[in-house]
Amino acid sequence: MAGQCCGANARFDGTSRAYRRVLWAVIAINATMFVVEMAAGLAARSQALQADALDFLGDSATYGISLAVIGMAATVRAKAALVKGISLSIMGLWVLGSTLYRVTVLGTPEAPVMGAIGFLALLANLGSVLLLMRWRNGDANVRSVWLCSRNDAIGNVAVMLAASGVWATGTGWPDVIVAAIMAGLFLWSAVQIIGQARRELADAATASASAPAE
């Protein structure tokens, strides 16, 4: 990431007015799309749409926490990222569980609604991704924001593919499969966030232990 890192151990920590403004913008985008997509997902009986709506909600919370801890100690930022990673893993497990439940429920999702809302969500997420692009390689707190935004964009493409599959097959299985894949993406991102946060906490502990006593 040009212009933000000054060596392997100097990651951007979010202390930038421009970054704060971007976070406020993407919070508004994601909160709005959560409401729109969850309502559409319930109306269309689409598990994939509901899973993607939860990703919007998770992103809104992630961005809010990221804003709150900007400028705080490295350990505080790493712990915040750790909490976000755990929350993302819980979300992934919920989506997996609800997807398994969906298999036992009769009714095929409405493909036109899935496709239309998926496309709208894709436009919203591409805007967020472009806004956050220059800060994608920051510390664990900043990186968690990027990973969630990337998940959204991938998820929206997946929802549109699911809509095509539902329309072509006349069954809900493409919706179920895509929701399961998205759950796996949530869990993988959670592993990345938690891993980086733990490394940063360990580095901070080592630095504190080696610091000369005053």
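No value in this document is a laboratory result; all are computed from the given coordinates. Remember, predicted model here, so these are calculated numbers, not experimental data. Positions of Cβ are generated from backbone atoms using ideal geometry, with glycine treated the same way; all protein chains shown enter the neighbour counts.
Structure notes:
- Extension gain, residue 20 to residue 86: 0.36 nm times the residue separation minus the Cα-Cα distance gives 21.4 nm.
- Each Lys or Arg adds one and each Asp or Glu subtracts one; over the other residues with Cβ under 11 Å from the Cβ of residue 69, this totals +1.
- Placing +1 on the Cβ of every Lys and Arg and -1 on the Cβ of every Asp and Glu, with nothing else charged, gives the chain a dipole about its Cα centre of roughly 380 debye.
- Each peptide in 17-27, 140-150 receives the mean, over its residues, of other Cβ atoms within 10 Å, and ordering these scores from highest gives 140-150, 17-27.
- With a cut-off of 14 Å on the backbone N, the residues of the range 167-199 near the modelled label site 7 Å out from residue 94 along Cα-Cβ are 183, 186-187.
- Sorted on the mean count of surrounding Cβ atoms within 10 Å across their residues, most packed first, peptides 196-209, 151-164 read 151-164, 196-209.
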